[in-house]
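The values are calculated or read from the model by the stated rules, or taken from the named source; none is laboratory data. Keep in mind it's a predicted model, so treat the numbers as computed, not measured. Ideal geometry is used to build each Cβ from the backbone, glycine not excepted, and the neighbour counts take in all protein chains shown. Accessible surface areas use protein heavy atoms only, side chains included; no ligands, DNA or RNA. Shrake-Rupley method; radii C 1.70, N 1.55, O 1.52, S 1.80 Å.
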Amino acid sequence: MTNLEQKQMPVTYLRIALRDFLFNEDDHRAMLAGTGLTLAQLRQSDAHVSLATMRDLLHNLSLHLDQPGWHLGLAAHLSITSHGPLGVAAATAPDLRTALDVLLRYIEIRAPFVWLTGETGPDYHRIKIVESVDLGPVRELLLETMSLAIQSIVAAILGRKLTGARLELACRAPVYRDALRQAFDGEIEFGCEGHFLSLPAVWLDESCALYDDQLHRAATSRCRDLLRQVTGESDIEVAVRRELLSARAGMPRLSEVARSQHVSPRTLIRRLKRAGTSFQTILDEVHRALAVDLLLHSELQIAEIAYRLGFRDPANFNRAFRAWTGQAPGRFRSLGRRGSDDQVNPAQKVTR
C-alpha cells in the first residue's frame with residue numbers, strides 16, 4: 001500500500017465544494033467518477049477518504065469545471081471551524097507563536113500531503129512547506145489552497161489582513177496568477193526554490209484575539225488524538241521529523257535529536273519503537289521528501305543535494321533514491337520538471 005492510500009484526509013473541504021460549487025447531478029457524477037464513492041458517504045460528518053481518492057476527486061472536479069483557479073473560491077469560503085479541532089486549537093492559543101506551533105505540529109490531520117517546519121530569523125518567521133507525497137496534477141491546487149487557509153487562520157488570530165506577509169511558490173506563474181495575487185494579502189513570488197510562507201517576526205508575540213486557555217487545551221488534545229487516529233503518528237515521531245526537516249547542513253544524529261527532546265538516545269529509541277517506527281525510518285522519509293523537493297525546485301547539482309542531505313558519497317545517494325522512487329535522480333528531475341512545465345503557464349519568475 002502506498003502513502004497515498006494509507007494517508008487519510010477529511011472530506012470537509014469537499015462538502016464545502018458540494019455546497020458552494022456543485023449544484024447539479026452532472027457535477028456530482030463527474031467528481032465521483034471512478035472513485036467508488038457516493039454523495040451519501042461524502043456527507044457523513046466524520047468521513048475520511050484516502051489521499052489517493054482525494055487526489056482523484058479533485059482532479060475529476062478540476063477537469064469538469066474547466067476553470068483554472070476555481071480552488072481560490074473554495075479557499076475564500078473556509079473559516080476557522082472548517083479546519084475542525086486544528087483551527088480551533090490555533091485560534092484559541094495565547095499568542096501567534098503558539099498557534100503556529102500547533103499548525104506545524106498537527107497540520108497532517110487536515111492536510112496529510114505536507115510537512116511544515118518553521119524558522120525564525122531577525123525579520124521573518126519562515127514556514128517551509130515540504131510535499132510529503134506525490135500530488136501529481138493537483139499539486140498546485142492543494143498547496144495554494146492550504147497556504148490561503150493558513151492565511152485565513154492567522155488573519156482571524158490577529159484580527160487583520162496579513163499585509164507584510166510573503167508567499168514563495170516553486171511553481172511557475174499560473175494562468176490565474178492575478179486572481180491568486182488578489183487572494184493573498186501580501187507579496188507572492190513564483191518560480192522559487194521551494195514553497196515558503198513568511199510572516200514578520202514581530203507578529204509572533206501578538207496575542208490571539210480569540211484566546212481561551214480551556215478551549216485551546218481541549219482542542220489541542222483532540223488534535224493529538226486525531227494525529228494518531230488518522231495518520232498513525234505520535235507526537236514524538238512528528239517532533240523528530242521536524243528536527244530533521246529544519247536541519248541546515250546535513251542531518252543531526254540520533255544523539256543530537258535526543259538531546260533536543262531532553263531525553264537519552266535509549267529513551268528516544270524506545271519511544272519511537274512504541275510508536276511503531278524508528279529513527280532510521282523517519283530519517284529515510286525525510287531524506288526522500290527533501291531530495292524530491294531539491295531536485296524539482298532547486299538548481300543544485302545532484303552531488304550537492306547528496307552532500308546537503310548527509311550522503312558522503314553521491315553514489316550512495318543515487319542508490320538510495322532509486323530505492324525510494326524507482327528512478328535515478330537525474331531522470332526524476334527531468335521528468336518532473338517536464339510535467340510541471342506542461343501544467344502551468346510558461347511565465348518566468350514573477351513577483352507581485
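Data overview
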item: Residue check, Gly250 touching a residue at least 24 places away in the same chain (Cβ under 8 Å), within 27 Å of Phe317 (Cα to Cα), in contact with a helix residue (DSSP H, G or I) (Cβ under 9 Å, 6 or more places away or on another chain) and surrounded by fewer than 15 Cβ atoms within 10 Å (Cβ to Cβ); result: yes
item: Answer residue from region 209-243, given it is modelled with pLDDT of 90 or more and of a type in the set (Ser, Thr, Tyr) and is least open to solvent (accessible area, probe 1.4 Å) among those; result: Thr220
item: Tally, over region 123-133, of residues that are over 17 Å from Cys192 (Cβ atoms) and at pLDDT below 95; result: 2
item: Residue under evaluation Ala289, criteria (1) closer than 19 Å to Glu168 by Cβ; (2) among the small types (Gly, Ala, Ser); (3) modelled with pLDDT of 90 or more, criterion not met; result: (3)
item: Check on Ala173, touching a Gly at 6+ places or on another chain (Cβ under 9 Å), among the small types (Gly, Ala, Ser), within 23 Å of Gln67 (Cβ to Cβ) and part of a helix (DSSP H, G or I); result: no
item: Residue match in region 165-178 (condition: of a type in the set (A, V, I, L, M, F, W, C), modelled with pLDDT of 95 or more and in contact with a Phe, Trp or Tyr (Cβ under 9 Å, 6 or more places away or on another chain)); result: yes
item: Matching option when the condition is basic (Lys, Arg), more than 24 Å from Leu227 (Cβ to Cβ) and either in a helix (DSSP H, G or I) or without any contact (Cβ under 8 Å) to a residue 60 or more places away in the chain (or both), among Arg322, Arg270, Arg288; result: Arg322
item: For Pro85: the one exception among (1) within 18 Å of the chain's Cα centre (by Cα); (2) within 30 Å of Arg177 (Cβ to Cβ); (3) in a helix (DSSP H, G or I); result: (2)
item: Scope region 297-319; condition crowded, with 20+ Cβ neighbours inside 10 Å and assigned to a helix (DSSP H, G or I); matching residues; result: His297, Ile305, Ala306, Phe317
item: Lone qualifier among Ala33, Ala47 - being of a type in the set (Gly, Ala, Ser), open to solvent by less than 20 Å² (accessible area, probe 1.4 Å) and out of contact with any His (no Cβ under 7 Å at 6 or more places or on another chain); result: Ala47
item: Criterion (farther than 25 Å from Leu295 by Cα and out of contact with any Ser or Thr (no Cβ under 6 Å at 6 or more places or on another chain)) met by exactly one of Leu103, Leu143, Leu135, Leu116; result: Leu103
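Quick grid of which residues meet (1) open to solvent by less than 30 Å² (accessible area, probe 1.4 Å); (2) charged (D, E, K, R); (3) touching a residue at least 24 places away in the same chain (Cβ under 8 Å):
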residue	(1), (2), (3)
Glu5	no, yes, yes
Met9	yes, no, yes
Leu14	yes, no, yes
Leu18	yes, no, yes
Asn24	no, no, no
Arg29	no, yes, no
Thr38	no, no, no
Leu42	yes, no, yes
Ala52	yes, no, yes
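Conditions (1) at pLDDT below 95; (2) buried (at least 21 other Cβ atoms within 10 Å of the Cβ); (3) over 24 Å from Arg19 (Cβ atoms), marked per residue:
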| site | (1), (2), (3) |
| --- | --- |
| Ile80 | yes, no, no |
| Leu86 | no, yes, no |
| Ala89 | no, yes, yes |
| Asp95 | no, no, yes |
| Thr98 | no, no, yes |
